[in-house]
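Visitor: Quick one: this structure, given as structure tokens, is what I'll be asking you about.
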Amino acid sequence: MGTLYLVSTPIGNLEDMTYRAVRVLREVSLIAAEDTRQTRKLLTHFEISTPLTSYHQHSAAVRREALVAALATGDVALVSDAGTPAVSDPGHELVVDALAAGYPVIPIPGASAALAALVASGLPTDAFLFLGFVPRKPAERREYLKLIRTQPWTLILYEAPHRIIACLEDALAVLGDRQVAIARELTKLHEEWLRGRLSDALATLKARDALRGEFTIVIAGAEPDAGADGIELPESVIRERLARLLGQGVSTRDAAARIAAESGYPRRAIYRLALALQNSPTPDR
């Protein structure tokens, strides 16, 4: 029985290729690639001669059955154009079919534009929402953004250079002038970052004659509605949970982080409430 390997590849800098990824690509019987021309360059660089076939959004339905059948006689590796497969590409459907047929699916971790942008954005990383590519049509994009505008989590999305201005304009109109970090050409020679308010980033990009490269956008989550220290959930619920954790010997910082991760609300607000609770002479029961 074969195994389906999800092999992450560099998003720009070939030095980000892992030893394990190279070994797996050499050992499998077949590599399925989103763009065989791009992947062939990668394979040539690392002297990998494994047979290559295409698997992309236009051929997915036709090729999935053949790729699952290939697992009966050997291992198959799935790669995308760059980064981690099955993220914003048709790899998810292949994973579902392989699992349904009883084949193991193993990830080979590596580069990811979404996580690389998030951790260097300067925005909260304890809870985030990955949106991938938002709808292309303006009306659909604005409606989509309306669905998530009240979510407190950091937002991550991808956008193409010819739509970046329209996307940021809609984000500004729907989400408000939030903090944003925009990464262009991550890990490549001309990597660039824009950090600040949406309005400032939009003005900077509009002033340019031409926009090139792939963009990863990280936007701050919504501030919760006014309530006890900025927390939407009933304060009694938060206090009870905090008191329980603190009573178990969990530190104030760790208790706040844990509840923030569970609820999706900003850790700072919960931390302030935890400090107030810890300093209270008569803790709530």
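No value in this document is a laboratory result; all are computed from the given coordinates. None of the values given here were measured: they were computed from a predicted structure. Ideal geometry is used to build each Cβ from the backbone, glycine not excepted, and the neighbour counts take in all protein chains shown.
Visitor: Could you list the residues of the range 84-106 with an amide nitrogen less than 18 Å from a label point located 7 Å from the Cα of Glu65 in the Cα-to-C-beta direction?
Guide: 93-102
Visitor: If you count, for each residue, the other Cβ atoms within 10 Å and average over each peptide, how do 155-166, 174-185, 93-104 line up from highest to lowest?
Guide: Per-residue Cβ counts within 10 Å, averaged per peptide and sorted highest first, yield 174-185, 155-166, 93-104.
Visitor: Quote to one decimal, in nm, the extra length available between Tyr19 and Leu147 on full extension: 0.36 nm per residue of separation minus the C-alpha distance between them.
Guide: 42.0 nm
Visitor: Among the chymotrypsin sites (Phe, Trp or Tyr not before Pro) within the range 43-145, which fall in a DSSP loop and have no more than 11 other Cβ atoms within 10 Å of their own Cβ?
Guide: none
Visitor: So, in the chain, how many Lys pairs have Cα atoms under 30 Å apart, if the pair is 8 or more places apart or on different chains?
Guide: Taking the chain as the scope, the lysine pair count is 6.
Visitor: Put +1 on the Cβ of each Lys and Arg and -1 on the Cβ of each Asp and Glu in the chain; which of Gly74, Leu168, Thr3 then has its Cα farthest toward the positive end of the dipole?
Guide: Sorting the options by dipole projection puts first Leu168.
Visitor: Let me ask you something else. Size of the dipole of the chain about the Cα centre, Lys and Arg at +1 and Asp and Glu at -1 on the beta carbon, nothing else charged, in debye to 20?
Guide: Computed charge dipole of the chain: roughly 260 debye.
Visitor: Taking H placed 1.01 Å from N in the peptide plane, check which residues at least 5 places from Ala222 or on another chain put their amide H under 5 Å from its amide H.
Guide: Gln151, Trp153
Visitor: Also, I was wondering about something else. At 222 nm, what helix-only mean residue ellipticity would the chain give, in deg cm²/dmol to the nearest 500, using -39500 (n - 2.57) for each DSSP H run of four or more?
Guide: That calculation yields -12500 deg cm²/dmol at 222 nm.
Visitor: Report D for the chain in µm² per second (integer): Stokes-Einstein, Kirkwood Rh on Cα pairs, 37 °C, 0.692 mPa s.
Guide: Taking Rh from Cα pairs, D becomes 153 µm²/s.
Visitor: Related question: Return the long-range amide H neighbours of Phe215 (sequence gap of 5 or more, or a different chain), with a cut-off of under 5 Å between placed amide H atoms.
Guide: Here the answer is Glu159, since their amide H atoms fall under 5 Å of that of Phe215.
Visitor: Based on the mean of other beta carbon atoms within 10 Å per residue, what is the order of 210-216, 268-274, 61-67, most packed first?
Guide: Descending mean neighbour count gives 268-274, 210-216, 61-67.
Visitor: Provide the net charge surrounding Arg20, with neighbours chosen by a C-beta distance below 13 Å and charges set as Lys +1, Arg +1, Asp -1, Glu -1.
Guide: With Lys, Arg at +1 and Asp, Glu at -1, the neighbours total 0.
Visitor: Give the long-range amide H neighbours of Leu30: residues separated by 5 or more places, or on another chain, with amide H under 5 Å away, using H modelled in the peptide plane at 1.01 Å from N.
Guide: Ala77
Visitor: Find the centroid of the Cα atoms in the range 140-205 and in the range 1-61, then give the distance between the two in whole Å.
Guide: So the two Cα centres are separated by 30 Å.
Visitor: Highest first, please rank the peptides 23-35, 245-257 by the mean number of other Cβ atoms sitting within 10 Å of their residues.
Guide: 23-35, 245-257
Visitor: Give, in nm to one decimal, the length gained when the segment between Phe133 and Arg272 is fully stretched (0.36 nm per residue of separation minus the Cα-Cα distance).
Guide: Taking Phe133 through Arg272 to full extension adds about 46.5 nm, to one decimal.
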